[in-house]
1. Looking at Pro197, Pro168, can you tell me which residue is surrounded by fewer than 19 Cβ atoms within 10 Å (Cβ to Cβ) and in a helix (DSSP H, G or I)?
2. Taking the condition of being within 22 Å of Leu239 (Cβ to Cβ) and without any contact (Cβ under 8 Å) to a residue 40 or more places away in the chain, how many residues in the range 160-193 meet it?
3. From the list Glu347, Glu317, Glu337, Glu360, pick out the single residue that is in contact with a Ser or Thr (Cβ under 7 Å, 6 or more places away or on another chain) and more than 24 Å from Phe434 (Cα to Cα).
4. For the range 204-220, check the following and say yes or no: at least one residue is touching a Ser or Thr at 6+ places or on another chain (Cβ under 6 Å) and of a type outside the set (Asp, Glu).
5. In this structure, is Lys343 surrounded by fewer than 20 Cβ atoms within 10 Å (Cβ to Cβ), under 26 Å from the mean Cα position of the chain (by Cα) and under 15 Å from Leu308 (Cα atoms)?
6. Can you list residue pairs whose Cβ atoms sit under 8 Å apart, with the first residue in the range 437-461 being over 23 Å from Ile472 (Cα atoms) and the second being part of a loop (DSSP other than H, G, I, E, B)? Count only pairs 6 or more apart in sequence or on different chains.
7. Could you identify the single residue in Leu166, Leu186 that is among the aliphatic types (A, V, I, L, M), over 25 Å from the mean Cα position of the chain (by Cα) and within 24 Å of Ser136 (Cα to Cα)?
8. Answer yes or no: is there a residue in the range 464-481 that is touching a helix residue (DSSP H, G or I) at 6+ places or on another chain (Cβ under 7 Å), within 23 Å of Ile390 (Cα to Cα), at pLDDT 75 or above and of a type in the set (Gly, Ala, Ser).
Amino acid sequence: MKTTSRNLNFFRQLKQDEVLALQEIRAVNLRKNKRIEHINKSRGLNQKHQSLIVFQNDWIGEELSKHNEYLITNISPANKVCILIDIALNTSIPLAVPATLAIDKYLIENYRCYSHSALFNENTLFGFKNNLQSPSEQLQLATLKVFNNLTQLDIRFLPGLGSLNLFPILINFLESSNQEIFTETLGVVYNFLVDHPPTNKECSILLRKFNNVYKDEHFTEQNIRWLAYLLKILPYKQLSNDLRDEAFKFVSKLIYSKNDDTLLQALDALHKLISCDGFKSDLSTFAIKLLKHADHIKKQIQITVYQLMQDLIRAEEGYAQNLINMGIIDKIIGILEKRDNDKLEKEACSCLSRIFEGTEDQIASVLSNKKLQFEKILNHPNKAVIFEGIWCLMNILKSKSKPLIVKIVHSGVLYELLKIVKNIQHDPYLRYIFDILKRYCKFLKENLSADEWDDIRCKFFQDECVQVLSQIQNMRTSTHYFQSYHEFLDIIELDETLEVSLKTPVLFNFS
């Protein structure tokens, strides 16, 4: 019977040498896999993290590939980074610089990776700190770039960063004449202080170093922007008045910046400064400049400007009158009419409410503006604007000025305020509305003649107001506004005097 080669090979046994060779290959591969698993486990890396890491071979220069050929092989990216870290910390400067720059590129591409805490442990960070003190400016700059990326990561993934005490070294770099090192240092200082707030002593040292930004070799738009970011994050509430005044000198210069990002950070810094208790400075010079920024093309800057104006109105006496004289009311009315940003509308109307907290003359000058119509404010589609409009009415009442209150009432505001109740379902707002109506009516009843009060009172029982009152009667009254509503009704309704009956009471005889 003829047999095929397949049948012959089926019964052929492997030679002893081939069997040993195959066993050795399997054992070597098994040891390699076990070793890789052990290394990844000790570094906190798993297969999922490995697949997320991006590493490009073109980051490795010729000098690095000659020094360690594993950098251009197919080993895992994390192992390549470990080799680069070893080269950066333990070799000569000509090799340490390109290795550090390659690590910087790796951090930029993998800023969302969660394996940095395993690769950059406390010993590694301490080694990079030593490289900052290297005599080579190239290595210093490359290491600063690495720290600039590391300080932007979540502090939870790099717990050893806070114990490095980087601040003294970074402060010394702010004396450097090298523009690249100076700019990179400002970025590292900002990123570091975001998660590690400075002490009063550190703030004092930092503010003195800020003067170097205005030197000719360092006066660039990027450095000015970093200065604005740093001023924004300083803990002003814990600083002394002298340090606040020192910071204010820099902020007052940045307000005039043409860069939008720098301007926004400076406005935020000024907002934090003014909100501090006991801070006093001449802020009247900012009235004109802030009003120009109120028309800025970027909405976020406009919002910040109006928030800042609210603080300035309360902090600086006479500031509100300066804003009124320069046409702030017309700008607020224009914003409310455009209806293109709810947040901006709310802040602008809130600024108007702060102005109404001022003197009687200020309130009178605002009410004299014919463009200002409370009817439009109370019927605005933005409920935050409606609420701020109600605050405006309350502030007018707090002035206790009879002419102003009578003027605002004769414009029909109280009746319009009652009409908007049907569109508001929020109980606290309803309570607040009825409380204002009650207070206005109580003031008018006490300060006007009977005929004048009767004219105002009777209008609440005409036309649409009657429908609103009847609608409220049919609503499920809540304990939030029930009391204020009935107190309001008690004031506007006629007082009826009951005649005393003089008839002899009928005595019931139960016998």
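1. Numbers: Pro197 fails: in a helix (DSSP H, G or I).
Only one candidate qualifies: Pro168.
2. 8
3. Values: Glu347 fails: in contact with a Ser or Thr (Cβ under 7 Å, 6 or more places away or on another chain); Glu317 fails: in contact with a Ser or Thr (Cβ under 7 Å, 6 or more places away or on another chain); Glu337 fails: in contact with a Ser or Thr (Cβ under 7 Å, 6 or more places away or on another chain).
That would be Glu360, the only listed residue that is in contact with a Ser or Thr (Cβ under 7 Å, 6 or more places away or on another chain) and more than 24 Å from Phe434 (Cα to Cα).
4. no
5. Details: surrounded by fewer than 20 Cβ atoms within 10 Å (Cβ to Cβ): yes; under 26 Å from the mean Cα position of the chain (by Cα): yes; under 15 Å from Leu308 (Cα atoms): yes.
So Lys343 passes the test.
6. These pairs meet every condition: Phe443/Lys400.
7. Details: Leu186 fails: over 25 Å from the mean Cα position of the chain (by Cα).
Matching residue, one of Leu166, Leu186: Leu166.
8. no
The values are calculated or read from the model by the stated rules, or taken from the named source; none is laboratory data. Just so we're clear, the structure is a prediction, and the values are computed from it rather than from any experiment. With ideal geometry, Cβ positions are generated from the backbone for all residues, glycine too; neighbour counts draw on all protein chains shown.
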